[in-house]
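**Q** Sharing a structure, written as structure tokens. Questions coming.
The values are calculated or read from the model by the stated rules, or taken from the named source; none is laboratory data. These numbers were taken from a predicted model, which means no experiment stands behind them. Ideal geometry is used to build each Cβ from the backbone, glycine not excepted, and the neighbour counts take in all protein chains shown.
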Amino acid sequence: MKWILMVLVVFNLSFVGYQFWYSNQQAQGGADDTSALINNLALSASQKQRLEASGLSVLARGVTEESFCIRIEGLTQSGNFDIAQSRLGAIEIYPVSAEKGDGEITIRPTAESFVDLQSLEALLSDLGDLEFIRYRCD
């Protein structure tokens, strides 16, 4: 009986180890960097479609760098703050300031990493009722 349990434990640990390894692998070759980052976010199919559609429309505009910031408020639920930061980092937008206690992230998009409010809302839509405030930076 003891040996049967030991064998089952070993099989279980090896299966869980494989699943962990597989989930941490990069996207398959042939995809560009943006698609690889989107694939690694583990978004649903509809979220991927919305994100890719909004990203394509933003890139097609050829927007130049502006002097504005976007503050995201309402990230007070457990884990939402970290999820939002990782998703923004995945599309190479890094916060100017991030206050976990207040649940606020402030970003300043540049010409290289431009994102508009609709793209942010699509990216963070499943994190609850968030408020996106666009204002001029100093």
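**Q** From the set of residues in segment 65-112 that are small (Gly, Ala, Ser) and within 20 Å of GLN47 (Cβ to Cβ), which is modelled with the lowest pLDDT? Quick ask: steps written out before the conclusion?
**A** Going through segment 65-112, the residues small (Gly, Ala, Ser) turn out to be 67, 74, 78-79, 84, 86, 89-90, 97-98, 101, 103, 111.
This time we only want the ones that are within 20 Å of GLN47 (Cβ to Cβ), so: 74, 79, 84, 86, 89-90.
Numbers: GLY74: 82, GLY79: 75, ALA84: 84, SER86: 83, GLY89: 81, ALA90: 80.
Taking the candidates together, the pick is GLY79.
**Q** Let me ask something else. Within segment 1-43, work out how many residues are loosely packed, with under 10 Cβ neighbours inside 10 Å, modelled with pLDDT of 65 or more and not in a helix (DSSP H, G or I).
**A** Residues flagged as loosely packed, with under 10 Cβ neighbours inside 10 Å, modelled with pLDDT of 65 or more and not in a helix (DSSP H, G or I) within segment 1-43 amount to 4.
**Q** So which pairs qualify, if the first residue must be in segment 3-27 and under 20 Å from ALA90 (Cα atoms), the second must be assigned to a helix (DSSP H, G or I) and at pLDDT below 90, the Cβ gap must be under 9 Å, and the two must be at least 6 apart or on different chains?
**A** GLN26/ALA36; GLN26/ASN39; ALA27/SER35; ALA27/ALA36; ALA27/LEU37; ALA27/ILE38; ALA27/ASN39
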